[in-house]
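Written below as C-alpha cells is the structure these notes are about.
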Amino acid sequence: MHYSIQQIADALGADCQGDTGLIVERAAEPGDAAATDLAMAMSPKYAETLSGGAARVAVLWEGADWQALGLEAAIFVPRPRMAMAGITAMLDRGQGVAPGIHPSAVIDSTAEIAEDAAIGPLAVIGARVRIGKGAVIGPHCVIGMDVVLGENATLREMVSIGARAQIGDRFLAQPGARIGSDGFSFVTPEVSDVENVRKTMGDKGDARAQSWLRIHSLGAVEIGDDVEVGANCTVDNGTIRNTCIGSGSKLDNLVHVGHNTRVGQDCLLCGQSGVSGSVEIGNNVVLGGQTGVVDNIYIGDGVIAAGGTKILSNVPAGRVLMGYPGIKMETHTDIYKVQRRLPRMARDVEALKKAVFKQPPSD
Amino acid sequence: MHYSIQQIADALGADCQGDTGLIVERAAEPGDAAATDLAMAMSPKYAETLSGGAARVAVLWEGADWQALGLEAAIFVPRPRMAMAGITAMLDRGQGVAPGIHPSAVIDSTAEIAEDAAIGPLAVIGARVRIGKGAVIGPHCVIGMDVVLGENATLREMVSIGARAQIGDRFLAQPGARIGSDGFSFVTPEVSDVENVRKTMGDKGDARAQSWLRIHSLGAVEIGDDVEVGANCTVDNGTIRNTCIGSGSKLDNLVHVGHNTRVGQDCLLCGQSGVSGSVEIGNNVVLGGQTGVVDNIYIGDGVIAAGGTKILSNVPAGRVLMGYPGIKMETHTDIYKVQRRLPRMARDVEALKKAVFKQPPSD
Amino acid sequence: MHYSIQQIADALGADCQGDTGLIVERAAEPGDAAATDLAMAMSPKYAETLSGGAARVAVLWEGADWQALGLEAAIFVPRPRMAMAGITAMLDRGQGVAPGIHPSAVIDSTAEIAEDAAIGPLAVIGARVRIGKGAVIGPHCVIGMDVVLGENATLREMVSIGARAQIGDRFLAQPGARIGSDGFSFVTPEVSDVENVRKTMGDKGDARAQSWLRIHSLGAVEIGDDVEVGANCTVDNGTIRNTCIGSGSKLDNLVHVGHNTRVGQDCLLCGQSGVSGSVEIGNNVVLGGQTGVVDNIYIGDGVIAAGGTKILSNVPAGRVLMGYPGIKMETHTDIYKVQRRLPRMARDVEALKKAVFKQPPSD
C-alpha cells in the first residue's frame, strides 16, 4: 500500500502542509519511524520523540509547528483517535486470504456464496448457507447449516458459526470466536438448592442432591450490522427465541454472552466480560473488562460499568457503575474512601467505647 | 421433526386436552408462535402474550384454562423447566453432521470407531483412539492418540481432546472446548518470592528474580458419564495423576479447570469460572459465573458460590458463599449492609470523637 | 521411554542409592505406582502412601531412609519441584505428531520450513513463513503470512498465529491459543461518555450516544524466547507498534493480553487473568488467576498480585497486591479484618451515639 500525504489527508478530510506528494507505506510511532513511514505524533508528548526516528512526514495536532519539528510535510487532525481510525483502515495489510475459494475448503453444494467471496483453506461451509458479497472467510472457519451471513463479512481463522445463525453486514470475527454454542441451561426433577438459595439469598432449604437434565437450545443467534466479535469469545444460542447482538455492538476477546440475552446497539463489551442468560441490555452500554452480569436482569441504555464490576440487579438507564456488587460509581468511591480508613476508625471506636463505657477494648 | 400433541405429552408423561392429534414442528415463544408451532406458555405471564402470536397449541401450567386462551389443544406440566428439558430434546434440529465418516477426515488406521459413528469434515482422529457407538464428531475436531471416548458422544465443531484422555458415555462438548492442555506448573531453581508471599501473606523475603522451569504434564484427563463442557473451556492434564471431572458435571463456556483438580459428580461450573490446580471439589457443587478457586484447597459437597465469588480457602460441605474472599452469604450480606452506610458511620465517629475527646475531626 | 534410576539421577544431578540399574517407564503417585513406575514421594506425607502401591523405586527427600520404606532403589532430591521439572521432561510421551509434513497440510510454496520440522494434519502455513529447526506444529494449526517462528517450537493442535508475528526459540503454545488477533480499539466521532467518565471518575457529561469506528491493528505480536501461552488464550496485535511478550514469560489458559501491551521477562500470568491495552509490565511479575489490569498503566518489576486482584493504577516495583481495587496485600488484610467486624462496630457506634448524644439509633 502506497499513499501520498495528500491522499491520506483527503481521506481524513484533514488539512496538510509541505511536500504533500510524499509517499508513505506504513504508519509508525515517531521514535521508530523510517524515512518512508508516516509518524503518528498527534500530541506534543509524542512529537518529542520524532527526532529519535527518521520520519519526514507526520500526523500532528492542529496548530502544530511542523517545520520546527524538522518535517517535510504534515497532516493536522483535530481528534487524534478519529484520525487513527481512518489511517489504520487505509494502511491495514490484512491476513492475506487469497481471492476465490481455496480447493481444500469443504463446501456443501447447496450453499450460496457470492461470486467475489474469498474462502480460505480448509473452511467448511454447511448446507443452505448464504454468504453475501465481499466476504473474506479465513482458513479453518466452520459455518453451520442454514446460516445467513451478510455482505462484506470478515472472518479471521478458526471462527465457528452454529447452524441457523442470522448475521448482518460487515460482520467481523476474530480468531476462534464461537457463535451459536448451546446455552448452559439445566433443570433438576425437583426444586434444587440453587433455586432455594436464589429465592432466600442464602438458605438452601431441604432440597436433596439431584442430577441435571439438559434444556436444549432450539433458538439460534441473531446479529445486526457492523458487529465485531473478539478472539475466542462465545455467544450461545437461545432456548426458544434467538440470542441477539444489536447493530454496531463490539465484543472483545474471551467475552461470553449467554442464551436468550439481547445486547442492544452500539455496545462495547470489553475483554473477558460475561453476560449470563436472559439479560436485556440497552443501547450504547459499555461493560469494562471482566464485568459480570447475572441472569434475568435488564441494563438500561447508556449504562457504563467499570472494569471488574459484578452487576447483580437491574440497572436504570444512564447509570455509571463500579464494584461487587455494582453500585453507582460515586457511591462506590465514597464508601471506598472510608474503607481505606477502617483500621483507624476501628481504633477510634475502641477508644470511644473505653472512654464512654469504661470497657476494655474487644479483641 | 413433526410430533402430535399427544406424542409430546406422552413423552413428558403429561396430561393434554383438546385436539391432541394436531402436529407441531417447532417450539416458540407465545408472542412469536406460528400456526404450526407449540407455544411455550407455562405461566400466566407468558400466556398473556399468546394473542400476539398465531399458536393453536401451547404448553401450559397445571389447571390453566386453555379454551379461554383461544387454543385448540394444550399440554399441562407441573414443573415448566422440566418440561422444557423434554420438549427441547425432542425438537432439537442439531447441527447436521452427516452419518458416516466424511472423506476429508484424517483418521489413523489404528483407531477403532463404532460403525454408526458420524465423523464430520476435516476431523483428525489419532492412533489407537477408541470411539463408542452413536458418536457424532463435528467438523474440525482433533482427538489425540490413545483417547477413549464412550458411547453417544456429541462433539460440536473444533473440539480438541489431548492424548490419553478417558471419557465416559454421553459426553457433550461445545465448539472450541479444550480437553487435555498441559498444566500451568513451573518452578524456580531456588525458593521464589511467590512461595514466600504465599507463606507469609505478603512478604517476599529476600528471594532473587529467577526464570521458570516447566513441569510437564504426564497425567491426562479423566471424565465420567453425562458430562458437558462449554465453548472454549479448558481442562488441563494432571501432572502425575489425572485431572478428573465426575459424572453428571457440566462446565459452561470459558471455564477453566487446572491440573490435578478433581471435580465431583453433578457439579455446575458456570460461565468463566476458574478452578486452579490440585483442588478437590465434592459432589453437587455449584460455582456461579466468574467464580475463582485458589489452588490446593477442597470444596465440600453441595457448596454453592454466588457469581463472582473468589474462594481462597477450604469450604465445608453445604456452605453458601459470596464475596472476595468468599465467605458465608449471610455474613457477606450483613457486612455489606453496613458497608453501604460507612460514609455516614465515619461522620458519626468523627462527631463522637469531637464530643467525647473534644478533638478536631481527622482529615 | 525407559530410563534407569542412574540415568534419571544423573540427569537431575542428584544422588541415588540401591539397585540403580532398575528401569522405569512412567512416573506415578506413590499409592498408584506399579512395579515399573517411579514413585514421586518427595515428602514424608507422600511416602506414607507408598505401601498402597507396588513401587520398587522412588524419588525421595534428602536423608530419607529408603530401605525402611521397602524400596529397592531411590533418588534423593533437595528441591522436589525442581526434580519434577527434570523428571517430567524426561518422561513426557508427547502428543504423537509424526515427523515430516503431513500430506494434508496446506503449505504456501514460499514458506521456509526447517527440514526436521514436524507438521501435523491439516495445518495451514502462509506465505513467506519461516519456521526454525526442531519445530512440532500440531494438527489444525494456522500460521499467517510473514510469521517468523524460532527453533524448537511446539504448537499443540488448533493454535493460530496472525500475520507478521515474530516469535523466538522454544515457543510452546497450548491448544486454541490465539496470537495476533486484532486489538479492541474504537473511537466515536465526538467525545464519548466513556471518555468523560474516565476523566471525572463517574460523570458522563453531556456526550451524546454515538456509534463506534474501528481503529485497525497495523502492528503485530513480538514474542521472546522460552515463552509459553495457554489454551485458548489471546494476545492482540498492536495498533502501530507491536504487542510484546518478553523472554521466559508464561501465560496460562484463557489469559488475555491487549494491544500495545508489553509484558516483561519471566512473568507468570495465571489462568483467566486479563491485561488491557497499552500496559507496561516489568520483569518477574506474577498475576494470580483472574487478575485484571486496566489500560495505559505500568506495573513495576517483581510485582505479585493475588488471584482476583483488579489493578486500576500504576504499581511500583516489588509491591505485593490484593483486592479490588488492588492495594498492598498487608493493607488489604488490615482493612479486611475490620470489615469482618463491621456489623458489631455498627452496633457499637449506635450504642455510643445513644450514650453520648442521647439520640435514638438510626435505622
How crowded by other chains is B:138-147, given as the mean number of beta carbons from other chains within 10 Å of each beta carbon? 6
Summing -39500 (n - 2.57) over every DSSP H run of at least 4 in chain C, dividing by its residue total and rounding to the nearest 500, the 222 nm mean residue ellipticity is -5000 deg cm²/dmol
Search the structure for amide H atoms under 5 Å from the amide H of A:Ile113, placed 1.01 Å from N in the peptide plane, and list their residues when 5 or more places away or on another chain. A:Ile131
Exceeding the 18 Å Cα-Cα cut-off - candidates A:Lys328/C:Lys204; B:Lys310/B:Lys337; A:Lys328/C:Lys337: B:Lys310/B:Lys337; A:Lys328/C:Lys337
GNM on chain A, Cα springs under 10 Å; top mean-square fluctuation among A:Asp116, A:Asp206, A:Asp146 goes to A:Asp206
Here, the range C:230-363 modelled as identical Cα point scatterers in vacuum has Debye log10 I(q)/I(0) at q = 0.10, 0.20 Å⁻¹ of -0.42, -1.04
Three semi-axes of the equivalent ellipsoid, the protein assembly as shown, Cα gyration tensor, whole Å, largest first: 40, 38, 38
Output the Cα-based Rg and Dmax of the range C:318-357 in Å, rounding Rg to one decimal and Dmax to a whole number. 14.8, 47
If I take every Cα pair under 8 Å that is 6 or more residues apart in the range B:3-91, average their sequence separation and divide by the length, what percent do I get for the relative contact order? 28 percent
Nearest-5 percent of antiparallel DSSP beta bridges in the range C:1-67? 25 percent
How long are the semi-axes of the ellipsoid equivalent to the range C:279-349, from square roots of 5 times the Cα gyration tensor eigenvalues, in whole Å, largest first? 28, 11, 10
Using θ = phi - 60° and the Karplus form 6.51 cos²θ - 1.76 cosθ + 1.60, what ³J(HN,Hα) does each residue of the range C:142-152 get, whole Hz, x for Gly and Pro? 10, 10, x, 4, 6, 6, 10, 10, x, 7, 6
Near the amide H of B:Gly274, under 5 Å away, which other amide H atoms are found, from residues 5 or more places off or on another chain, if H is placed in the peptide plane? B:His256, B:Thr291, B:Gly292, B:Val293
Exercise: per-residue mean of other protein chain Cβ atoms within 10 Å, B:231-244: 6
Given a cut-off of under 8 Å on Cα pairs at least six residues apart, what relative contact order in percent is computed for chain A? 6 percent
List the extent of the Cα atoms of chain A along each of their three principal axes, largest first, rounded to whole Å. 83, 68, 30
GNM, chain C, Cα, under 10 Å: largest mean-square fluctuation among C:Ile215, C:Ile131, C:Ile101? C:Ile215
Antiparallel %, DSSP beta bridges [both residues in the protein assembly as shown], to 5: 15 percent
For the range B:72-178, the percent of all C-alpha pairs falling in each 10 Å bin, from 0 up to the bin holding the max distance, is 15, 45, 20, 12, 6, 1
Considering only C-alpha atoms, what is the centroid distance from the range B:18-88 to the range C:112-153, in Å? 56 Å
Stokes-Einstein D for the range A:10-76, Kirkwood Rh over Cα pairs, 20 °C, 1.002 mPa s (µm²/s): 189 µm²/s
By a straight-distance test (C-alpha under 16 Å), which aspartates and glutamates pair with C:Lys199 as possible cross-link partners, with residues fewer than eight away in the same chain excluded? A:Glu330, C:Glu190, C:Asp295
Any idea which of B:Thr261, C:Tyr336, A:Met1 is furthest toward the positive side of the dipole for the protein assembly as shown, if Lys and Arg beta-carbons carry +1 and Asp and Glu beta-carbons -1? C:Tyr336
Which distance in Å, rounded to a whole number, links the C-alpha centroids of the range C:286-363 and the range B:187-213? 24 Å
Quick one: work out Rg over Rh on the C-alpha atoms of the range C:130-234, Rh as Kirkwood radius. 1.20
Distances in nm, one decimal, shortest first, from A:Glu195 to the same residue in every other copy, taking the label point 7 angstrom along Cα→Cβ. 5.1, 5.1
Per residue, how big is the convex hull around the C-alpha atoms of the range C:1-154? Give it to me in cubic angstrom, could you? 125 Å³
Nearest 20 debye, what's the magnitude of the dipole of the range A:201-269 about its Cα centre given +1 on Lys and Arg Cβ and -1 on Asp and Glu Cβ? 400 debye
Rel. contact order, % - alpha carbon contacts under 8 angstrom, at least six apart, the range B:36-163: 14 percent
Restricting to bridges with both residues inside chain A, how much of the DSSP beta-bridge set is antiparallel, in percent to the nearest 5? 15 percent
Highest GNM mean-square fluctuation among B:Val24, B:Val136, B:Val235, for chain B with Cα springs under 10 Å, belongs to B:Val24
Calculate one ³J(HN,Hα) per residue across the range B:276-281 by plugging θ = phi - 60° into the Karplus curve 6.51 cos²θ - 1.76 cosθ + 1.60, and present them in order as whole Hz with x for glycine and proline. 5, x, 6, 9, 10, 10
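Read the figures in this text as sums done on the coordinates, not as results from a lab. In this text the structure is predicted, and so the values were computed from the model without any measurement. As a convention, Cβ positions derive from the backbone with ideal geometry for all residues, glycine included, and neighbour counts pool all protein chains shown.
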